[in-house]
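Derivation of every value follows stated rules applied to the coordinates shown; laboratory data play no part. All figures in this text were calculated on a predicted structure; none of them were measured in a lab. When we count neighbours, we look across all protein chains shown, and the Cβ atoms used for this are built from the backbone with ideal geometry, even at glycine.
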Amino acid sequence: MRVQLLAKSDKKPLDLASHAARVCYTLNQELLDKQLDVKGRLFDSGHHTTLQHTNFTFYIQDVPVTTVMFGLHLTSPYYNSDQRSGRFSKMYAEPDFNMIRNMLVPYYAREDIEKVLPFIETGAEIYREWLPKIIPLAEKAIKAERPFANEKYIELNAPKLAQEQLRMFVSQIVPTALDTTLNLSALTALWRSAWTPELRALTDAMKDAVLAEYPELDGFFDPAARRDGDWFLPIQDGTAIVEDKPDLFLIHADLSENVYTNAGKDSVDTLYFTPEALENDVHYVHTKVQVSCATYGQDQRHRSVRRSTPRLTTSFYLPPLLKEAGMAPVALKFMQEWLDLKDAVPAGLMQAITPYGAMVSYDKLADLNALIHEQGKRTCWCAQEEIYHLSVALREVLACMPEAKKLVSVLAPPCFICGKCQEGARYCGRDIKGTPEDNYFPKRKI
């Protein structure tokens, strides 16, 4: 893993914290360079909002997807990240197995690493073997589902959509890259809480990059205060199962008939900034879902939605094109190979090589503002088909509730609400004119 401190606040962290504290407790305007004992008077006593005026942006390269999904992005909502897309990535076709081996060496015994490499290689071989067979199915599906997609769109996107669905067989040990921004308070909390060997190494590198710029912050990173012991996702017992759709169960919906929305106005979501929408914040929808890790990673992007601990199940998600191609037996065998490693290698290594297609189960709780935003993004056809189908399933469940009538009318993409696509050059090619609501959210293959 390589970590670079890409950007930082233009004032010293301790000066900003001191100024913020003085604004709270003094009448006179204070100079930025008149510094308090920030660690003693603010940090150690828990006055951490004063530390949140300083932000650090890191550029992180060659980090495993699982270290991001089950580490950096698993818990805290207090960050902003832009990650290299795993949907249409070039890293699947020719994975560097020596690099993957070297990524694991600092954390696991070599004999254990050698046990998992054949599984990683098998997934890569399945991807390479089946890609030429899935691309024609993607071309066919585009022509059937997206009548306004031109030949150039089909030529460009059919390989990408085939790749997106075939990545279910790729192990998430593959490297990714991202920009991520945290304030000083969040960075110290994440560093102290790091619960896997990989996350400890990553947060150490982030801390070291900050201390290289601000050595006076060394006392904020006390090794004695760091978490003792590892934590890994629980894995369900049982044999492999192949699923061809995500699962959703409504636990509870606390709804309001006075839903406020500005959905479809333009690309700026102002709900959390609008006083009339405050009522939306105290009403919520609670569901239990089961989705592939590929979709779980996308779901994490909605940080205003709360989630429970994800549990790795024995299910493998088989997307529509792969099902049509008859890949269910291949998927079943592949998933069982991964599950068979459970008792043979450490839990951390098992987690690190989780395939994209492995399904996780967890609870979601979204207030209505978060839900309106999420559904506006995920019912769009530019969203991956699995997360689209999950969103449509929720919409269908809520549509059976009379008190949800107004809410359901805005759980839709902008093109449904205002009749115009906001994606510009990324217009999917579907028919958005004069389509009855009952046919607007069909089952998709791509």
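For the stretch 59-150, applying the loop criterion from DSSP together with a ceiling of 13 other beta carbons within 10 Å to the trypsin sites (Lys or Arg not before Pro) yields LYS90. Computed from phi, the 3J(HN,Hα) profile of the stretch 271-288 under the Karplus parametrisation 6.51, -1.76, 1.60 (θ = phi - 60°) reads 4, 6, 10, 10, x, 5, 8, 4, 4, 4, 5, 9, 10, 8, 10, 10, 10, 10 Hz, with x in place of Gly and Pro. All Cα-Cα distances of the stretch 193-278, cut into 5 Å bins from zero to the largest, leave 2, 9, 10, 9, 7, 7, 10, 16, 18, 10, 2 percent in each bin in turn. Taking a ≥ b ≥ c as the square roots of the eigenvalues of the Cα gyration tensor, the stretch 21-73 is prolate, since a/c reaches 1.5 or more and a/b is larger than b/c.
Note: the stretch 244-330, Cα convex hull, 151 Å³ per residue. Among the chymotrypsin sites (Phe, Trp or Tyr not before Pro) found in the stretch 257-324, not one is both in a DSSP coil and sparsely packed, with 12 or fewer other Cβ atoms within 10 Å of its Cβ.
About its Cα centre, the dipole of the stretch 97-169 is roughly 200 debye, where the only charges are +1 on Lys and Arg Cβ and -1 on Asp and Glu Cβ.
Net charge dipole, the chain: roughly 740 debye, given to the nearest 20, about the Cα centre with Cβ charges of +1 for Lys and Arg and -1 for Asp and Glu.
The ranking of ILE387, ILE126 by Cβ neighbour count inside 10 Å, starting from the fewest, reads ILE126, ILE387.
Taking GLY297, GLY429, GLY40 as the candidate residues, the one with maximal mean-square fluctuation in a Gaussian network model of the chain, Cα springs under 10 Å, is GLY40.
Farthest towards the positive end of the charge dipole of the chain, among the residues GLN165, PRO223, ALA141, is the Cα of ALA141, using unit charges on the Cβ of Lys, Arg, Asp and Glu. Once a ≥ b ≥ c are taken as the square roots of the eigenvalues of the Cα gyration tensor of the stretch 357-446, is the result rounded (a/c under 1.5), prolate (a/b larger than b/c) or oblate (a/b not larger than b/c)? Note, shape of the stretch 357-446 comes out oblate.
Among rounded, prolate and oblate, which fits the stretch 241-439 when a ≥ b ≥ c are the square roots of the eigenvalues of its C-alpha gyration tensor, a/c under 1.5 means rounded, and a/b larger than b/c means prolate? Here the stretch 241-439 falls in the prolate category. The phi torsions of the stretch 298-313, fed into the Karplus equation with coefficients 6.51, -1.76 and 1.60 and a -60° offset, translate into couplings of 6, 4, 5, 5, 8, 7, 7, 8, 8, 9, 8, 4, x, 10, 6, 9 Hz, rounded to whole numbers, with Gly and Pro shown as x.
Cut-off is 10 Å between beta-carbons; in what order do ASP96, ASP228 appear when sorted fewest neighbours first? Walk me through the intermediate numbers first.
On the way: ASP96 12, ASP228 5.
Result, fewest neighbours first: ASP228, ASP96.
Dipole magnitude for the stretch 1-143: about 360 debye, using +1 per Lys or Arg Cβ and -1 per Asp or Glu Cβ, origin at the Cα centre. Diffusion of the chain by Stokes-Einstein, at 25 °C in a medium of 0.890 mPa s and with Rh set to the Kirkwood radius over alpha-carbon pairs, works out to 103 µm²/s. Extension gain for HIS286-LEU27 works out to 88.7 nm (0.36 nm per residue, less the C-alpha to C-alpha distance). Here the calculated FRET efficiency for LYS342 and ALA225, from their Cβ-Cβ distance with R0 = 30 Å, stands at 0.35, rounded to the nearest 0.05.
Selection among PHE334, THR287, LEU398 by position relative to the dipole of the chain gives LEU398 as farthest towards the positive end (Cβ unit charges, Cα centre). Phi angles of the stretch 243-258 translate, via the Karplus equation with coefficients 6.51, -1.76, 1.60 and θ = phi - 60°, into HN-Hα couplings of 10, 10, 7, x, 10, 9, 10, 7, 8, 6, 10, 9, 10, 10, 6, 9 Hz per residue; Gly and Pro are given as x.
For VAL105 and PHE148 in the same chain, what is the full-extension length gain: residue separation times 0.36 nm, less their Cα-Cα distance, in nm?
Numbers: separation 43, 0.36 × 43 = 15.48 nm, distance 4.97 nm.
Here the segment from VAL105 to PHE148 would lengthen by 10.5 nm.
Per the Kirkwood formula on distinct C-alpha pairs, the Rh of the stretch 97-169 is how many angstrom? It is 14.4 Å.
Please arrange PHE221, PHE441 by counting, for each residue, the other beta carbons lying within 10 Å of its beta carbon, fewest first.
Numbers: PHE221 18, PHE441 21.
Ranking PHE221, PHE441 by Cβ neighbours within 10 Å, fewest first, gives PHE221, PHE441.
Projecting the Cα positions of LEU322, GLY238, THR75 onto the charge dipole of the chain (unit charges on Cβ atoms of Lys, Arg, Asp and Glu, taken about the Cα centre) puts LEU322 furthest along the positive direction. As a calculated quantity, the FRET efficiency between GLN35 and ARG84 at R0 = 41 Å, using C-beta atoms, amounts to about 0.55.
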